[in-house]
Each structure stands twice: as C-alpha cells, then as structure tokens.
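*Asks:* Before I ask anything, let me first share the structure, which is written out below as structure tokens.
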Amino acid sequence: MKRKQLSVLVLAVCSSGAAWADEARLADISPVKTLPAELKNYFNWWQPMVGANTAYTTGARGKGIIVGVIDTGIDLKNMEFKGRLVTGYNAVSPWKTPADDNGHGTHVAGIIGAAADGSMTVGIAPDVSLMPVKVLNSSGSGTQSAFNAGVNYSVKAGARILNMSLGAGGPFGQSGIQQAVSAGQLVVAAAGNDGGANPGWPARYAKESWAKSQVIAVGAVDSSSKIASFSNRAGDTKNFFVVAPGVKIASTYLNGQYVYMSGTSMATPVVSGVAADIWSRWMYLKANQVSGIIFQTATHLGTSAAGTPDAVYGWGLVNLTKALQPVGETRVITSKASYALGSSALTTNSLVKKNAFNGLSLDATDDFGRAYSYDVGSLAIKPEISDIDTLFAGMDKQMSMVEHTSQNTSMTLSSYGAATEMQKLGDPFRAPEPAGATMAGFSFMQKFGCQQEECRGEYAFGANGFADQYFGLSADYKYLPLSNSFANPYFQFAGTASHLAMGYGLGAGYKLKMGMLDATSPLAAQPMLAYSSGSNGWVGEIEKKFDGATILATVGGIRESHSMLGASGTAAFGMDGAETRFVSLSGSYGLIPGTSLLAQASTGTTSTAGGGIILNSEAKTLSWSLGLLHQDAWKKGDKLAFSVAQPMKVTSGNMTMALPTVDMASGQGGFNLSSVNLASGYVETDFEVGYMTQLSKASVLRFIAAYKQNHNNDTGNAKVIAARYQVAF
C-alpha cells in the first residue's frame, strides 16, 4: 500500500472522549466548582474568552469522559495528567508505549485536560480522562495505516471524542474517520495552517453526508477573535466549522516544561474540551447532538447574517457558557403532555404558600433533550397585593353601595369596588385586576306572601360576587366599618359569580335559604361584570331570629374550575379544579341598645385533581371572627366597631405532585412523587378598629386601623391605617 505522509499542523483540534452511557453516573459531575487558581496567570487568557469559567464553577469539567488524543503521544510522567491517563496505543511502534517524543501531543493534551492543581496552566476540561494514541513519529509525520490503526484502537477502547490536531494536503484517513463516525464518536479536527479558503484533510470530511455532523472542523483566532493569518477558513465546510483561540497558547510540554505554541492544532483541543464538558454533564447525548450544541451556541463572527455560518468563521467562536445553557424552549414532560416551562407557573397566596414548594425540583429539557433541574419554589409566584389598597377597595365598595328598599323589595347596588386577593388569583387565564378596578355589582330580593312581619317566601338574585348581601351575617351588616365584613369566607373562591336564591319562612323565626352561584351566567358575562374565576357552587342556610339576636348555620360547596383555594396553575401546573365543602356558624347578639356582638366560625374541606404535575390535593381550612359594633357612639348614625379574627388558614393538607425527572445516564424520563405539606406554618391574627360617620347628606368619613400578626400566615407583622372622605356632587 502506498505510504502517505501526514504532516502535523502548528495548531490542532482537540477532541474530548466520553464514556458510554452505561458507565455514566450523576456522580461523574465534578464536585469541584471553583475557579482554578491558574486563571490568575496570564498564560490562561483564552479560557474566559470561550466561557470556560461557567464550566469550572458548575462542575462540568469533563469527568467520566475519555478523549483520544490522536497525535505524537503524551508525556506519560507529566504530573498534570496524573491519575487520568487511560491505556493508550502506539500505532507507529506497537511494541512501545505511546510516550510523546515530539512535544506536540503533550501540548495538545494540556489544552484539553491539564489538571487544576495550581500550576502554570489548566485545561478546559481538567477532570477529563486522556487516551494517548501515537500515530505520528518524533518528527511529526505518520502514515495512513498508522492513523487508521490508531483510530481503530480508540474506537474499540471507548474514547468518545477523538482529537486530531493533524492534517494532510489531500484526502487522507477516510476509512478511519468513517469507522469513528459509525461507532458514534465525535471527531474534532484541525482545519490546517495554510491560510487557505477551505479546511485541509481530514477536517474537510466534515462536509460529507456520511460524516453525519459528527466531525467538527476547527480554525484558529487570536485574542481579538480575528481569524489567524495562518488558519484555513471555513469555505465549503462552513456548516460544520467553528473557531477557537489558537495564537500563543501556553500549555504542557516534555520534561515538565510549559511552552507557547500557535496553530489550528491548539484551537482544536479547545473545542474537544468544550465537547467533553458538555458530554460530562449529559452522558446520554449522541455525538451529533454535542456538535449541534456547539454549532448553535457559538458566538457569531464574520459578515454572514446572524444565525447562519460564515465563509471565514463558520458558526463562530465556541462559547461554553451558552453551550451549557438550554437551547431553544425548555419543556416539561408530564403524563398529559409536553409544556413550555416558560408558560408553566404556580400562582400562590396566603393559603397555598410559595415557600411550601422550596427544595422540590423538576427536570425540564431543551431542544437537544438535555435535562435541567429547576426548584419548584422558583417557579411559584406570589403576587404582591397592597394592604392599603385592599382596605381602600373595601371602603370604596361599601361607601359606593346604594340601597333601595320598599316594604317587600330591596336592591343593593355598588358601582365601584375591587376584587379580593382570592378573586384576583382565581382565574389563571387572566392577569389579576389592579386594586380599585371598577366592578359593578348588585343584589336584588323580592319577598312574597307577606302578612304583618312574616313572609311565606322570597327570591333573590345578583351579580359580581354579591352573594354575601343575601347569605350570612353580612346581609344584616352591610355597612360595617371594618375590612372584616363577617361575610362567609368561602365566597371569595366563587370569584365574581352571580347568585340565584330562594328563601322560605318556616315560622317561629326560622327561615330556610337555598341558592346557586355561577360565574358563567349571562349576568357574569356582561362586560362590566366580566372578571370571572369560572367558579360555581351551592349554598344552604338556616336562619333563626330571636329578640335582638340572630343565629345562622350555613353549608355549601364551591367548585373552582382552574384553581384551589384561590391558588392557580398554568400549563404543566394546570389544575382540573377544586371542590370545597364548608360549614359556617355565625350570629349576632344585642348586648345593649345600639351595641351588638358579632361572631363567625367556618371550616371547610377542599380536594382537587389534576393530571399534569399536580395530581391531587386535600386541605382542611378554618377561620373565625369576633366583633363588637356600637352605633350612635358620638353622634346619631355613626358606627364604631372592633374585631379580632383569624383569617382562613390551612389546618392540615397535602398536595401530591409528580415531578418530571430525567435519568442522567440514559436520558430516560420519569416522575418523582412528592407530597407538599400545605398546613399553614404561621397563623395570622388581625386586630381592627373602624369608625364611620355621615358628616352631611353628601359626605361620609371612614377610618380603619389594623394590626396583622403573622401577616398572610407567614412571619412578620403589618400595621395599616386608612381613612377615606367622600363627597357626592
């Protein structure tokens, strides 16, 4: 067979070898995540230029990956490679060790994987394993048969990346390259140092269809990212071409020395180290995926349009920082479907707490199937809702209410008000309305069959969350000067639903009320009333009136269509809905003329089902309020009120989540079942005082001061003072 000289290039491409998937372990990610001390030396100027600092600090250092250095061998006694040299091969003299007798191969190996040991230089993949494969003699020449034999050994010995910082003037080594491609290896080859318009061989094989994007051709740039004068350009191989620093690169040499060298031979091992770092993080990737990541994340250079390869620089300068980041839209795979992570969020509140999800992680994958772990708590959102805005909104709603009554008819209308916290969070498909948004609502009641003070029955209807004007204690205390209105706390999960109800007089002061809540009714769909959580429910109530006293027992159920206790999820965190069954006991008692004691206690059980990440949940809730109302305190018609209350809290509850996982060895997806404790760790207790007076026929003054201990069922307290003066024109 005709022998052909293989000339060694001044700059070579370095390829990082990878262990096969069945050898990969998550533990192979390096536990060392600090910047090497060597970076303080000027000799290592090029690592930050290609984003290597990100790899150093995230533990992507080539651990578990074998790079076959197809070159002049490696100095086997060099301490920079201690413990990381695997058995190699001498294809020039098979009876000898693959020790370097030229220096070129040792220099290349140091760029790939010199240890982070505080010495002069450090490799871009300092934890990588190196396989010395000697195919060139002491003068840097070799034969095609030696080259193919060396590649054959590397393939069989398990090197995942082959670094070829060598070249020839014509087609050379095709059978060896094809063997490596067929075996699933990644070949990183030097473009050559002739200053030509196209790469030399074997790098130029990268453009062949049989190369399957598993061959990367590498050119050299200087410290200013300008193409080196000696470097061959991308030319007809631009779709598979990148550049890396290759001018005055310091690295290891024979006899423990360090020297500067320039050439595409030095740029090539930079790319091989980048490939090793990527592969060490995701062992299950295929060779053409690793090359695709390198191509797509390279920093664009040259005159071509962004996102297209250039005739000089190809895809551009390798960028390890970007290469380790997700490419494309990161997605979450659930048992139902695949969802974009960016549109998947869990909106929490004072009941379903954001911090309950801290420490849980899920895996999402990018366009190359690479898994990234995300803390679920970081994907949860807790909207900030101002206490002062909430107080003013409640004041505005009451102060704007107009009540029209006749003997058997009553109509309460409010032209201004704001959604409660739960109403704002109740619809995951709409952004929360700002506090103080205009939201008209009303409640109408008609009695029938009345004789003296007893009526046989009544019917009522209303819209925009005004069910509390018919059911519960708040129906008798519409103008209570407190933010705590003693309304049924579970109505907040019905959003701005309309209500339709009937009442029946049972005699002896008893009344039975029954009604339905529906956020999809024609009234709720009107433009002025359009803020809807899509909830519905039912209510049953027994009322008993005594002389100066009222007792109410209320039961009901609320169905939230896309939320649970007001918390909602989108995309992967989507919920099919929640069902809450509740019981409330409330009442008022006249202590002395003009002074009433108010009390309310409510408990409920909520369950939900999902199908994405959230499988199901159960929660028990409890709240209570105690208040004192004194009318005509300083002047006729004024109201002074005090209250102490514990707003709704979760006494016990769990949410079961199927968190997507990806096995770091095989890339196979799975699920980790986790239970989230929903119980409120802290219990809010509110103390309020409020005052309201009619200053004139056209003006009203209202004042509220509140102290909230463990505000929002969390650590920390809040003090709120609000006053509102209203004049009608």
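The values are calculated or read from the model by the stated rules, or taken from the named source; none is laboratory data. Bear in mind that the values here come from a model prediction, so they are computed numbers and not experimental data. Positions of Cβ are backbone-derived with ideal geometry, glycine not excepted, and every protein chain shown enters the neighbour counts.
*Asks:* I'd like to check something: does region 55-70 contain any residue that is without any contact (Cβ under 8 Å) to a residue 40 or more places away in the chain and under 30 Å from SER138 (Cβ atoms)?
*Replies:* No, region 55-70 contains no residue that is without any contact (Cβ under 8 Å) to a residue 40 or more places away in the chain and under 30 Å from SER138 (Cβ atoms).
*Asks:* Something else now. Between a first residue in region 674-688 that is free of Cβ contacts under 8 Å to residues at least 40 places away in the same chain and a second residue that is charged (D, E, K, R), which pairs have beta carbons less than 6 Å apart while being 6 or more apart in sequence or on different chains?
*Replies:* TYR682/ASP714; VAL683/LYS649
*Asks:* For region 200-230, what are the residues that are in a loop (DSSP other than H, G, I, E, B), closer than 11 Å to VAL312 by Cα and in contact (Cβ under 8 Å) with a residue 24 or more places away in the chain?
*Replies:* ALA228
Quick grid of which residues meet (1) closer than 30 Å to TYR374 by Cα; (2) modelled with pLDDT of 95 or more:
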| site | (1), (2) |
| --- | --- |
| THR570 | yes, no |
| ILE592 | no, no |
| SER602 | no, yes |
| THR605 | no, yes |
| GLY612 | yes, no |
| ASN616 | yes, no |
| LEU626 | no, yes |
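*Asks:* Is it true that ALA311 is within 30 Å of THR237 (Cβ to Cβ) and of a type outside the set (Lys, Arg)?
*Replies:* When the stated conditions are applied, ALA311 passes them.
*Asks:* Listed residues PRO428, PRO481, PRO489, PRO432; which is more than 26 Å from LEU506 (Cα to Cα) and modelled with pLDDT of 90 or more?
*Replies:* Within the list PRO428, PRO481, PRO489, PRO432, the selection yields PRO489.
*Asks:* Same structure, new question: Contact list please: Cβ distance under 6 Å, first residue in region 560-574 and among the acidic types (Asp, Glu), second residue surrounded by 21 or more Cβ atoms within 10 Å (Cβ to Cβ), pairs at least six apart or on different chains.
*Replies:* Final answer for the pair search is GLU560/PHE493; GLU560/SER535; GLU560/ALA578.
*Asks:* Counting only residues that are in contact (Cβ under 8 Å) with a residue 60 or more places away in the chain and over 43 Å from the mean Cα position of the chain (by Cα), which one in region 183-196 is surrounded by the most Cβ atoms within 10 Å (Cβ to Cβ)?
*Replies:* GLY192
Residue-by-condition table, conditions (1) under 21 Å from PRO132 (Cβ atoms); (2) at pLDDT below 95:
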{"residue": "ALA146", "(1), (2)": "yes, no"}
{"residue": "GLY167", "(1), (2)": "yes, yes"}
{"residue": "VAL188", "(1), (2)": "yes, no"}
{"residue": "VAL215", "(1), (2)": "no, no"}
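*Asks:* Small (Gly, Ala, Ser) and touching a Leu at 6+ places or on another chain (Cβ under 6 Å) - does that describe any residue in region 659-670?
*Replies:* Checked against the condition, which is being small (Gly, Ala, Ser) and touching a Leu at 6+ places or on another chain (Cβ under 6 Å), region 659-670 yields no hits at all.
*Asks:* Looking at GLY103, GLY113, GLY59, which one is modelled with pLDDT under 95 and touching a Ser or Thr at 6+ places or on another chain (Cβ under 9 Å)?
*Replies:* Exactly one residue qualifies, and that residue is GLY59.
*Asks:* From the list VAL318, VAL332, pick out the single residue that is buried (at least 19 other Cβ atoms within 10 Å of the Cβ) and either in the same structural domain as ILE70 (by TED's automatic domain parsing) or on the phi > 0 side of the Ramachandran plot (or both).
*Replies:* VAL318
*Asks:* Can you tell me how many residues within region 691-711 are buried (at least 17 other Cβ atoms within 10 Å of the Cβ), closer than 30 Å to VAL352 by Cα and out of contact with any helix residue (DSSP H, G or I) (no Cβ under 9 Å at 6 or more places or on another chain)?
*Replies:* The number of residues fulfilling the criteria is 1.
*Asks:* Examine region 566-585 for a residue that is farther than 30 Å from MET657 by Cα, in a strand (DSSP E or B), polar (S, T, N, Q) and touching a Phe, Trp or Tyr at 6+ places or on another chain (Cβ under 7 Å), and state whether such a residue exists.
*Replies:* No - not one qualifying residue is present in region 566-585.
*Asks:* Taking the condition of being touching a residue at least 60 places away in the same chain (Cβ under 8 Å) and either under 17 Å from PRO199 (Cβ atoms) or of a type in the set (Phe, Trp, Tyr) (or both), how many residues in region 298-321 meet it?
*Replies:* Selection size over region 298-321: 11.
*Asks:* Give region 257-288 a look and list any residue that's in a helix (DSSP H, G or I) and closer than 18 Å to SER138 by Cα, or say none.
*Replies:* Answer for region 257-288, where residues must be in a helix (DSSP H, G or I) and closer than 18 Å to SER138 by Cα: just SER265.
*Asks:* Just a yes or no: is a residue in region 231-241 of a type outside the set (A, V, I, L, M), surrounded by fewer than 23 Cβ atoms within 10 Å (Cβ to Cβ) and assigned to a loop (DSSP other than H, G, I, E, B)?
*Replies:* Checked region 231-241: no residue is of a type outside the set (A, V, I, L, M), surrounded by fewer than 23 Cβ atoms within 10 Å (Cβ to Cβ) and assigned to a loop (DSSP other than H, G, I, E, B).
*Asks:* For the subset of region 691-717 comprising residues that are free of Cβ contacts under 8 Å to residues at least 60 places away in the same chain and small (Gly, Ala, Ser), which member is farthest from ALA633 (Cα to Cα)?
*Replies:* Per the stated criteria, the residue is GLY716.
*Asks:* Which condition from (1) at pLDDT 95 or above; (2) of a type in the set (A, V, I, L, M, F, W, C); (3) surrounded by fewer than 20 Cβ atoms within 10 Å (Cβ to Cβ) is the one that ILE293 breaks?
*Replies:* Every listed condition holds for ILE293 apart from (3).
*Asks:* While we're here: Residues being assigned to a loop (DSSP other than H, G, I, E, B), in contact with a helix residue (DSSP H, G or I) (Cβ under 8 Å, 6 or more places away or on another chain) and buried (at least 24 other Cβ atoms within 10 Å of the Cβ): count how many of those fall in region 95-120.
*Replies:* Of the residues in that region, 2 qualify.
*Asks:* Considering only region 36-51, how many residues are of a type in the set (A, V, I, L, M) and modelled with pLDDT under 95?
*Replies:* Adding up the residues that qualify gives 2.
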